[in-house]
Amino acid sequence: MSFLAIDVGNTRLKWALYDAPQPGARVLAQGAEFLDHIDRLAETAWAGLPAPSCMLGCVVASDAVKHRVEAQMEHWDVSPHWVIASSHEAGLSNGYDHPARLGPDRWVAMIGAWHSMLAMGPPRPIVVAMVGTAVTVEAIDASGKFLGGYILPGHGIMLRALESGTAGLHVPTGEVRPFPTNTSDALTSGGTYAIAGAMERMVDHVREHCSAEPWCVMAGGAGWKMAPSLSTPFDLVDTLIFDGLLQIAAHRGFCLPR
């Protein structure tokens, strides 16, 4: 009974086919495509895959992109299911003012992080950062309540905003340095440390609010670039969204044999 998990971000679609809709399932195949190329998935990466028994995904791109993805699954005759954040799911409670307005990728990643933490030992607070086109930094207390989170532009958006709004800043990407002495390094270092500052400020808030040391975990395509610039250690777990989708599928029990 295979299970297809799909994560549709702002720039790429990532997918993984598992042998079962449950945590710890074996990966049968996986891949990623830029959104510009997803209209050929049925003819390329998905052409030789066995039909999944069920599918669950999260999408932050437009409805038009979601429909394009669904069109690529039509040859399997599998019903698409997409996560919408709710007040409770898979052991996590949602403290957002309007729970359904929370980004599904944020919600799914937090569920993945929550269960990863429980597998390591007693419950403790968590700070979850996803570093991609946009950056999100979430706080979860030891009871499994999402307390709130930050959203800020990713490094690429920061640089493009500066280039478009400031004369003379069309420069190559630089290096992260403690004391930059050229414009390229100053831009790269400024963006990196701005993101690091948001992440570490959330860690401070969680320590104070929960009176406990949080587990700090990071995911996203640019996560590995952030690690050297952080004073607080963050574990890099790039499968948080897939881990969360597996947990949700198992808790919902919606994936029935074909």
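Annotations
- The one condition in (1) surrounded by fewer than 16 Cβ atoms within 10 Å (Cβ to Cβ); (2) over 14 Å from the mean Cα position of the chain (by Cα); (3) hydrophobic (A, V, I, L, M, F, W, C) that Ile151 fails to fulfil: (2)
- Flag for Glu163 being touching a Leu at 6+ places or on another chain (Cβ under 9 Å), acidic (Asp, Glu) and part of a strand (DSSP E or B): no
- Residue that is nearest to Gly223 (Cα to Cα) [pool: residues in the range 114-148 that are over 14 Å from the mean Cα position of the chain (by Cα) and of a type in the set (S, T, N, Q)]: Ser116
- A single member of Asp238, Asp243 is touching a His at 6+ places or on another chain (Cβ under 9 Å), under 30 Å from Ser143 (Cβ atoms) and charged (D, E, K, R), and it is Asp243.
- The listed residue being crowded, with 17+ Cβ neighbours inside 10 Å and assigned to a loop (DSSP other than H, G, I, E, B), out of Ala51, Ala5, Ala45: Ala45
- Filtering the range 170-193 to residues that are surrounded by fewer than 15 Cβ atoms within 10 Å (Cβ to Cβ) and either not hydroxyl-bearing (Ser, Thr, Tyr) or not assigned by TED's automatic domain parsing to the domain that holds Leu230 (or both) leaves His170, Pro172, Glu175, Arg177, Pro178, Phe179, Asn182.
- Residues being modelled with pLDDT of 95 or more and in contact with a helix residue (DSSP H, G or I) (Cβ under 9 Å, 6 or more places away or on another chain) - total across the range 1-19: 11
- Note on the range 181-219: among residues that are within 18 Å of the chain's Cα centre (by Cα) and in a helix (DSSP H, G or I), the one that is nearest to Gly132 (Cα to Cα) is Ile195.
- Residues that are farther than 19 Å from Ala109 by Cβ and surrounded by fewer than 16 Cβ atoms within 10 Å (Cβ to Cβ), drawn from the range 29-42: Ala29, Gly31, Phe34, Asp36, His37, Asp39, Arg40
- Failed criterion for Ala20 (all others in (1) closer than 26 Å to Leu152 by Cβ; (2) without any contact (Cβ under 8 Å) to a residue 40 or more places away in the chain; (3) surrounded by 16 or more Cβ atoms within 10 Å (Cβ to Cβ) hold): (1)
- Residues being in a loop (DSSP other than H, G, I, E, B) and under 20 Å from Glu213 (Cα atoms) - total across the range 123-144: 7
- His67 meets all of the listed conditions (1) under 17 Å from Phe254 (Cα atoms); (2) exposed (fewer than 13 other Cβ atoms within 10 Å of the Cβ) but one, namely (1).
The values are calculated or read from the model by the stated rules, or taken from the named source; none is laboratory data. Bear in mind that the values here come from a model prediction, so they are computed numbers and not experimental data. Methodologically, a virtual Cβ is constructed for each residue, glycine included, from the backbone with ideal geometry; neighbour enumeration extends over all protein chains shown.
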